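Participant: Before I ask anything, let me first share the structure, which is written out below as structure tokens.
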Amino acid sequence: MSRTRVLRGLWTAPLALFALLVQSLATAGTVYAVPAERQAAAAALYVAPGVAPGGNGTAEQPFATIDQAQQPAHRLSVDSDVVVYLAGGTYRLSKPLTFGSGDSGQNGHTITYQAVSGQQPVVSGAQQMSGWQVHDQRGKIGSVHVGTGVNTRQLYVNGEEAPRAAIQVPRSGFTFTRTGLTVTDSSFDYLAGLSHQTHMEVESLNSFTDRYAPVQSISGTTITMQQPAWNNNSWGYDTINAPFAGGTMYLENNYAFLKQAGQWYLDSSTGDLYYRAQPGQNPNSLDIELPRLQSLLGISGSYGSPATGLAFTGIRFTGTSWLGPSGSDGYADQQSGAHITGACAMPANWLSTCKSGCPQFEAARNHWAQMPAAVQVSAATGITFSGNTFSELGQAGLGMGNDGVATASGTGLGAGGVTITGNTFTDIAGSGIQVGGIQPDAHHPGNPQMTDQNIVISDNRVSEVGTDYRETAGILSTYVTNVTITHNQCDHLPYDGLDIGWGWGINDPGGSQDYVNRGTYNYQPVYSTPTTLKNNTVSHNLVFDTKKAMFDGGSIYSLSASPGSVISDNYMYGNNHTTALYLDEGSRYLNVVQDAGNWALTNAGANNHTDDSTFSGNVLVSGSNWPQGAAGDPAGRRPGVGRR
């Protein structure tokens with residue numbers, strides 16, 4: 001997948017908050033100029049990276065770190081709104097920022113953390129690498145010692161993700177066994193002689209899954225894989241051993257695979273990082289960032305006392321790596337960032353009988369885990385992200401109301417009254433935005449305060465995400481009530497643009513006969529009440545150049561019943577010979593109006609309740625034959641995209 005930047009000419013949604021930003025320089029000792037009208041409207045605090053510690057948060061003596069402003073801002077919010085002005089520069093975190101109810105706005109007031117006008121504060125979980133030495137002159141490989149015990153799955157060079165050391169291998173060169181792989185192509189006999197075999201991984205890029213499994217050992221022609229990753233990746237649907245389509249395989253993460261310019265390898269046992277430079281490059285002249293944190297920001301209270309009244313504006317969030325797939329669980333991907341962890345009860349002959357589902361596999365569905373996000377929000381209300389940039393992140397970018405297992409706080413769901421507007425998401429390993437959960441409390445919450453609801457996602461640009469976990473959508477919204485996804489642009493993506501819904505109709509009232517037949521209800525109830533998926537709107541979005549890597553899905557993709565929901569006035573093209581609008585299992589009660597694209601697929605069967613949706617005023621587009629209302633404006637944008 002190309003990592004070429006596509007941000008030139010990027011529109012910027014108008015943001016009223018930016019009119020209130022102060023004008024200043026972010027240097028130590030600088031006096032901030034604050035308009036008198038702003039001083040009257042809100043209390044102000046100031047933070048600048050690199051200043052001497054001991055500041056008091058005034059313009060003359062700003063705080064040196066963001067967390068130093070949290071409690072003073074909370075106290076000031078008793079009487080007024082508070083603006084915490086962040087000067088430009090890099091705020092390198094040693095641990096994630098956390099905001100709970102005790103860091104929130106009080107008495108209905110809001111605390112806004114925002115960039116000083118014209119400056120770019122960067123919140124980073126990465127360490128900048130310097131002091132590179134020549135390791136292999138002929139191979140143009142440099143090395144630097146980072147310390148033993150350091151691990152990462154990503155490395156960022158001059159603001160873009162560099163690929164891990166990897167080689168593509170033919171599936172025909174191996175046979176699949178219950179314990180791993182047998183080498184049948186003698187050109188790979190050298191694998192048994194490689195050191196650090198437990199660092200190695202097998203990746204398989206399939207129809208709608210992108211799976212990673214770590215190696216345990218290699219002896220002769222026998223590759224033994226770590227468990228439970230191998231088992232969990234080898235049963236169910238679109239598996240590592242029996243992909244529905246595609247099935248491109250790679251061997252990754254060993255010094256021997258450092259074959260291409262721009263690749264890197266970290267030997268975590270010795271603490272040495274290796275980078276194969278591009279022709280003419282000197283690593284010491286590059287900005288090479290090694291992620292050290294797995295998340296940057298967590299906003300989470302409790303259901304009875306949620307975090308509230310927080311806003312973040314004009315900040316760049318960058319520099320994380322999610323290490324879950326590096327353990328013995330690997331990444332047993334199921335779809336859209338959902339994956340299996342832990343050992344499962346499997347049939348004795350699972351390798352042959354469960355490569356397209358089996359009853360025991362159905363028992364795992366309610367325990368699938370979500371990919372965590374770099375910025376996480378749960379048990380929170382009145383939260384706003386506007387005008388920020390999320391880039392160079394090793395998992396999902398912004399996670400809103402995800403399951404507890406996907407949050408550092410352990411408290412999931414419960415996100416309400418949230419606005420995500422005018423942000424840019426790019427060069428992210430997973431989805432740009434991930435809203436809602438997938439486990440039972442997400443669709444039938446035991447506590448109504450867990451319901452994710454009243455969320456607006458508007459005027460965002462999501463481009464070139466899903467760089468490592470290529471089955472992840474630009475924007476994913478699962479079990480959510482009253483979400484509005486409008487005026488967003490999603491482009492240059494390996495999988496879907498917008499995914500809405502979850503569950504394949506399994507959890508809808510009365511269930512699904514398909515899943516009766518599969519044995520799902522041997523392990524969970526047939527619900528008689530609706531899920532939390534309802535009253536959602538997907539409108540005026542521009543989605544193009546999707547499915548660059550995957551074979552299944554759609555530019556806009558839907559699952560399960562969503563009463564009161566509307567898909568309208570979206571424009572989709574360039575979906576690489578796949579489907580623009582895909583209404584998959586259980587999709588019903590949708591009103592689809594005036595979409596344009598090359599067109600729709602409904603995965604309807606007699607047993608899966610993909611029905612009861614209405615279609616009107618839709619336009620099938622061939623080539624450049626766009627209808628007048630979708631012909632674009634002089635700036636090259638489709639109507640309604642990037643402006644409100």
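Participant: Mind listing the long-range amide H neighbours of Leu45? Cut-off is under 5 Å, sequence gap 5 or more, other chains count too, H placed in the peptide plane at 1.01 Å from N.
Facilitator: Hits under the 5 Å cutoff: Val83, Val84, Tyr85.
Participant: Over all Cα pairs of the range 417-460, how is the pair count split among 10 Å bins, expressed in % and running from 0 up to the last occupied bin?
Facilitator: 23, 42, 29, 6
Participant: With +1 on each Lys and Arg Cβ and -1 on each Asp and Glu Cβ, and nothing else charged, work out how big the dipole of the chain is about its Cα centre, in Debye to the nearest 20.
Facilitator: Dipole magnitude for the chain comes out near 660 debye.
Participant: Treat each spin label as a single point 7 Å out from the Cα along the C-beta direction, and report the Asn603 to Thr353 distance in nm.
Facilitator: Using points 7 Å along Cα→Cβ, the separation is 2.5 nm.
Participant: May I pose another question? Calculate the spin-label point distance for Ser117 paired with Gln61, positioning each point 7 Å from the Cα along the beta-carbon direction, and give it in nanometres.
Facilitator: So the two model labels end up 2.8 nm from each other.
Participant: Rounded to the nearest 5, what % of the DSSP beta bridges within the chain are antiparallel ones?
Facilitator: Values: 51 of 166 bridges.
So the antiparallel bridges amount to about 30 percent of the total.
Participant: Show me the three semi-axes of the equivalent ellipsoid for the chain, from the C-alpha gyration tensor (sqrt of 5 times each eigenvalue), largest first, rounded to whole Å.
Facilitator: Details: eigenvalues 279, 220, 110 Å².
Its equivalent ellipsoid spans semi-axes of 37, 33, 23 Å.
Participant: To continue, here is another question. What order, most packed first, do the peptides 238-246, 532-540 have when packing is the mean number of other Cβ atoms within 10 Å of each residue? If you can, show how the numbers build up before the last one.
Facilitator: Details: 238-246: 20.8, 532-540: 22.4.
So the order, starting with the most tightly packed, is 532-540, 238-246.
Participant: Relative contact order of the chain: what whole-number percent is it, with Cα pairs under 8 angstrom and at least 6 residues apart?
Facilitator: Rounded, it is 10 percent for the chain.
Participant: I've got another one for you. Please list 219-231, 486-498 highest first by mean number of surrounding beta-carbon atoms within 10 Å per residue.
Facilitator: Numbers: 219-231: 18.6, 486-498: 26.4.
Going by the mean number of other Cβ atoms within 10 Å, highest first, we get 486-498, 219-231.
Participant: Tell me the per residue accessible area of the range 112-268 using a 1.4 Å probe; a whole number in Å² is fine.
Facilitator: 36
Participant: Further, regarding this structure: Distance in nm between label sites at Ser302 and Gln128, each 7 Å beyond Cα in the beta-carbon direction?
Facilitator: Here the modelled spin labels are 4.2 nm apart.
Participant: Keeping all protein chains in place and using 1.4 angstrom, which order do Glu289, Glu60 fall into by accessible surface area, from largest down? Could you put the intermediate results ahead of the total?
Facilitator: Values: Glu289 25, Glu60 105 Å².
Final ranking, largest accessible area leading: Glu60, Glu289.
Participant: Once the Cβ-Cβ distance between Ile167 and Ser195 is put in as r, and R0 is 22 Å, what FRET efficiency do you end up with, to the nearest 0.05?
Facilitator: After rounding, the FRET efficiency stands at 0.85.
Participant: Taking the Cα centre of each part, how many Å lie between the range 64-133 and the range 466-541?
Facilitator: Spelled out, the Cα-based centre of one part sits 33 Å from the other.
Participant: Remind me, relative contact order of the range 433-497 in percent, using alpha carbon pairs under 8 angstrom and six or more residues apart?
Facilitator: Relative contact order of the range 433-497: 41 percent.
Participant: For the chain, what % of the accessible area comes from carbon and sulfur atoms, probe 1.4 Å? Don't jump to the answer; show the numbers that get you there.
Facilitator: Working: 11200 of 22700 Å².
Roughly 49 percent, rounded to a whole number.
Participant: Please compute the contact order of the range 268-418 in relative form: average sequence separation of alpha-carbon pairs under 8 Å and at least six residues apart, divided by the residue count, as a percent. Don't skip to the answer; put the middle values down first.
Facilitator: Values: 254 pairs, mean separation 44.5, N = 151.
Rounded, it is 29 percent for the range 268-418.
Participant: Classify the range 32-136 from the C-alpha gyration tensor, please: rounded if a/c falls under 1.5, else prolate or oblate depending on whether a/b exceeds b/c.
Facilitator: Prolate is the answer for the range 32-136, as a/c is 1.5 or above and a/b outweighs b/c.
Participant: Which value, in Å², gives the accessible area per residue of the range 544-606 when a 1.4 Å probe is used on the protein heavy atoms? Don't skip to the end; give the middle numbers.
Facilitator: Values: 2020 Å² over 63 residues.
I get 32 Å² per residue for this part.
Participant: Something else now. Per 0.36 nm of contour for each residue apart, how much would the distance between Ala343 and Asp611 grow if the chain were fully extended, relative to their Cα-Cα spacing?
Facilitator: The Ala343-Asp611 span can extend by a further 92.8 nm.
The values are calculated or read from the model by the stated rules, or taken from the named source; none is laboratory data. Values in this document were obtained by computation on a predicted structure and should not be read as measured data. As a convention, Cβ positions derive from the backbone with ideal geometry for all residues, glycine included, and neighbour counts pool all protein chains shown. Just the protein is used for accessible areas: all its heavy atoms, side chains included, with ligands, DNA and RNA removed. Shrake-Rupley method; radii C 1.70, N 1.55, O 1.52, S 1.80 Å.
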